[in-house]
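Right, one structure below, let's go through it.
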Amino acid sequence: MKYRVILLFLGFSLAGSFSAPAALTWESKDADLHPSIIDKTAIAHFKYKNTGDKPVKITSVHASCGCTTAALKKDVVDPKESGEITATFNIGGRSGVQTKTITVVTDDEPLKPTILTLKATIPQLLDVQPIFLFWSANDELKPKTITVEVGNDFPVKKLNVTSTDKSISTQVEPVPDKKEFKIIVKPTEAGRPINAALRIEPDYPKGSAKPYFANLRIDSRAVMPK
C-alpha cells in the first residue's frame, strides 16, 4: 500500500511536469511600414496569444529610443487570451529607412526577452547637398552653392530659405528642366566669426511641410572679395 501511494504521487508529479508551459505566441515580430509624406507617425500592431495553460504577465516593454513609444492595454494575459502591443514611431524630420526595436519581458521567461522590430521607410522629399559650408581664414567670402534635389514626383515649386544670421544672403534659383534648385549663399560681412543655420522650407505639402537645414561657419579672418 505504501509503495502504491508513492507511485501515485510520482504519477501526479510527472503529469504536472509535462503540462504546457505558459507562453506568448506572436503573430509577427516584425512590422514593415510605409508612411506617406504627410504622416507624422508610423504605427505598428504586434499581436500575441497566450497558448499556455496559465496566465503570463508582461513585466516590461521598452523601446530602443525616445522617438518610439509602446503601449499595451493589460499586462496579465490569461490562457487562450489574445492582445497586442501598439508601437508608435514619431517621424519628426527623419527620412529614409528607420529601424526601431521594442524589448518585451515576461514572467515565464524573464531571461529570454522578445525583440519586436519596427521598420519604417519614410519618403525623402528633398536631398540637400552639402549640408555644411565653411569659409576658412584663407578664403575670400565668395558665394557658395547648395544643391537641392526634389525626390520622386513630389510637386515642389518653391523653396523659402532663411538664415539665423542677417549677414548671410540667400538666393534660390530653380534649375531648368530638372526637379532641382540652387541656393546661392553669400556672406555680406567680414571681421567676425559666424555660425549660422539655413532653414529650407518647401511649398509642399501645404500646411505640413517639414523644414530642412544646412549649417555654415565663417572664420573671423576671412575677407570680402576685392
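Coordinate-derived values only; no laboratory data. Predicted model only: the values in this text are computed from it and were never measured. Here the Cβ positions follow ideal geometry from the backbone for every residue, glycine too, while neighbour counts run over all protein chains shown.
The string of couplings for the range 98-108 from the Karplus curve (6.51, -1.76, 1.60, θ = phi - 60°) is 10, 10, 10, 10, 10, 9, 10, 10, 10, 6, 7 Hz, one whole number per residue in order, with x for Gly and Pro.
Here's how it looks for LYS57: its modeled amide H is under 5 Å from those of VAL77, ASP107, ASP108, which are all 5 or more places away or on a different chain.
Cross-link partners of LYS178 among lysines, defined as those whose alpha carbon lies under 25 angstrom from its own and excluding same-chain residues fewer than eight positions apart: LYS144, LYS157, LYS158, LYS186, LYS206, LYS210. For the range 54-94, the extents of the C-alpha atoms along the principal axes are 44, 16, 11 Å, listed from largest to smallest. Charges were assigned to the Cβ only: +1 to each Lys and Arg, -1 to each Asp and Glu. The resulting dipole of the range 20-122 about its Cα centre is roughly 240 debye.
The alpha carbon radius of gyration of the chain, expressed as a multiple of 2.2 N^0.38 Å, is 1.69.
What is the P(r) of the range 65-124, as percent of Cα-Cα pairs per 10 Å bin from 0? Final binned percentages: 18, 44, 25, 11, 1. The antiparallel fraction among DSSP beta bridges confined to the chain stands at about 85%.
Once you have the alpha carbon radius of gyration of the range 20-122, what is it after dividing by 2.2 N^0.38 Å, with N set to its residue count? Don't jump to the answer; show the numbers that get you there.
Values: Rg = 14.5 Å, N = 103, 2.2 N^0.38 = 12.8 Å.
It is 1.13.
Using 1/(1 + (r/R0)^6) with R0 = 25 angstrom and r between the beta carbons of LYS166 and GLN124, what's the FRET efficiency to the nearest 0.05? Could the numbers behind the result be given before it?
On the way: r = 30 Å, r/R0 = 1.22.
So, using R0 = 25 Å, E works out to roughly 0.25.
Here, the range 126-218 is characterised by an Rg to Rh ratio of 0.99, where Rg is the alpha-carbon radius of gyration and Rh the Kirkwood radius.
Which FRET efficiency, nearest 0.05, do VAL105 and PHE213 yield, Cβ-Cβ r, R0 41 Å?
Values: r = 38 Å, r/R0 = 0.94.
About 0.60, to the nearest 0.05.
About its Cα centre, the dipole of the chain is roughly 280 debye, where the only charges are +1 on Lys and Arg Cβ and -1 on Asp and Glu Cβ. Go ahead and collect, in residue order, the members of the range 167-210 whose backbone nitrogen is under 17 Å from a label point 7 Å along the Cα-Cβ direction of ALA137. Under cut-off, by backbone N: 191-194. The lysines within cross-link reach of LYS47, meaning a Cα-to-Cα straight distance under 26 Å and a gap of 8 or more places when in the same chain, are LYS29, LYS57, LYS73, LYS74, LYS80, LYS100, LYS112, LYS119.
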